[in-house]
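Enquirer: If you scroll down you'll find the structure; I have some questions about it.
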Amino acid sequence: MANDKYLFVVSGAAGTGKDSVVKALRQAHPEIEKTVSATTRAPRPGEQEGVDYYYRTREEFQQLIEKDQVVEHNFYNGNFYGTLREEVDKRLAAGKVVVLVIDVHGAENIRRMFPGATTVFLLPPSEEELERRLRGRGTETEESIRERLATAQKELAQQDKFTLKLVNDEVEHCAAELYDVICRRAGISR
Ligand code: 5GP
């Protein structure tokens, strides 16, 4: 698709801080847009419909897939997550830089569909820190945390398939590095 050099995927193991980094990026550079995904999981405290996710029932999510309104989707930790086609297409058509914050499987699908996209793998400073962050969220059961940790190990094993890797040692610093990558790959002068 034309303009796919403006498409950026930020991925990495859950708990690496993808959302915080992209939030800091967009605070500093509001012209960079982020798609809002659809999910069947329940909102966490403080999350908002249309801001964090579009919260949908299984049936509604299935219908979105059947109507080809989902570019990629994944089943993760008991729930569906998917990128809505319209969220991507309208922004690329307008020549905007678009960031998708999705899991490693989603990144692989995007890479196949949009060969010009840049995929960025965020690494935690260490595996101990990753576990601390996953536990620190405090909203999950022990079983759910264990499942996330096991998934995180599998996700970390995928890192070499990405265009490049960044270490999320400190959110603002990592966001600044991500902005450099975006400017370089999208050909934006700063
Ligand atoms: P959470 O439940 O913590 O918000 O998200 C769980 C995982 O799903 C995270 O790794 C998140 O990046 C990923 N995710 C969120 N939206 C999408 C999406 O649209 N597609 C895919 N493939 N993964 C997503």
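Values quoted throughout were computed directly from the atomic coordinates according to the rules given, and no laboratory measurement underlies them. Keep in mind it's a predicted model, so treat the numbers as computed, not measured. Cβ sites come from the backbone with ideal geometry, for glycine too, and all protein chains shown count toward neighbours.
Enquirer: With r defined as the distance between the Cβ atoms of residue 77 and residue 183 and R0 fixed at 35 Å, what FRET efficiency is calculated, to the nearest 0.05?
Expert: Numbers: r = 34 Å, r/R0 = 0.97.
E between residue 77 and residue 183, to the nearest 0.05, is 0.55.
Enquirer: Turning to a different aspect of this structure: Report the Cα centroid-to-centroid distance between region 53-109 and region 142-177 in angstrom, as an integer.
Expert: What the calculation gives is 20 Å, centre to centre.
Enquirer: Where Lys and Arg each count +1 and Asp and Glu each count -1, what net charge lies around residue 55 among other residues with Cβ under 11 Å from its Cβ?
Expert: Details: positive: 41, 44, 56; negative: 47, 49, 52, 60.
Taking every Cβ under 11 Å from that of residue 55, the sum is -1.
Enquirer: Which values of log₁₀ I(q)/I(0), to two decimal places, follow from the Debye formula for the chain at q = 0.13, 0.15 Å⁻¹ with a uniform point scatterer at every Cα?
Expert: Those come out to -0.67, -0.91, one per q.
Enquirer: Quick one: which of 57-68, 103-114 comes out on top by average Cβ neighbours within 10 Å, and what's the full order, highest first? Mind dumping the intermediate values first?
Expert: Numbers: 57-68: 12.0, 103-114: 19.2.
In decreasing order of mean packing, 57-68, 103-114 become 103-114, 57-68.
Enquirer: Between residue 143 and residue 167, how many nm apart are label points set 7 Å from Cα along the C-beta direction?
Expert: Each label point lies 7 Å from its Cα, and together they span 3.7 nm.
Enquirer: Let me ask something else about it. Students often check this: by mean Cβ neighbours within 10 Å, which of 86-99, 117-130 ranks highest, and how do the rest follow? Mind showing how you got there, number by number?
Expert: On the way: 86-99: 16.9, 117-130: 19.1.
Ranking the peptides 86-99, 117-130 by packing returns 117-130, 86-99.
Enquirer: What number, rounded to the nearest 500 deg cm²/dmol, is the helix-based mean residue ellipticity at 222 nm of the chain, given -39500 (n - 2.57) per DSSP H run of at least four residues and division by all its residues? Let's see the in-between values first.
Expert: Numbers: 7 runs with 80 residues, N = 190.
Only helices count here, giving -13000 deg cm²/dmol.
Enquirer: Quick one: if the Förster radius is 25 Å, what FRET efficiency do residue 135 and residue 19 give, using the C-beta to C-beta distance and rounding to 0.05?
Expert: Numbers: r = 17 Å, r/R0 = 0.68.
Given R0 = 25 Å and the Cβ-Cβ separation, E is 0.90.
Enquirer: Using a Cα-Cα cut-off of under 21 Å, which lysines could be cross-linked to residue 165, ignoring same-chain neighbours fewer than 8 residues away?
Expert: Within reach: 5, 18, 23, 34, 154.
Enquirer: List residues of region 18-54, by number, whose backbone nitrogen lies under 18 Å from a label position 7 Å along Cα→C-beta of residue 89.
Expert: Residues 35-38 fall inside that zone.
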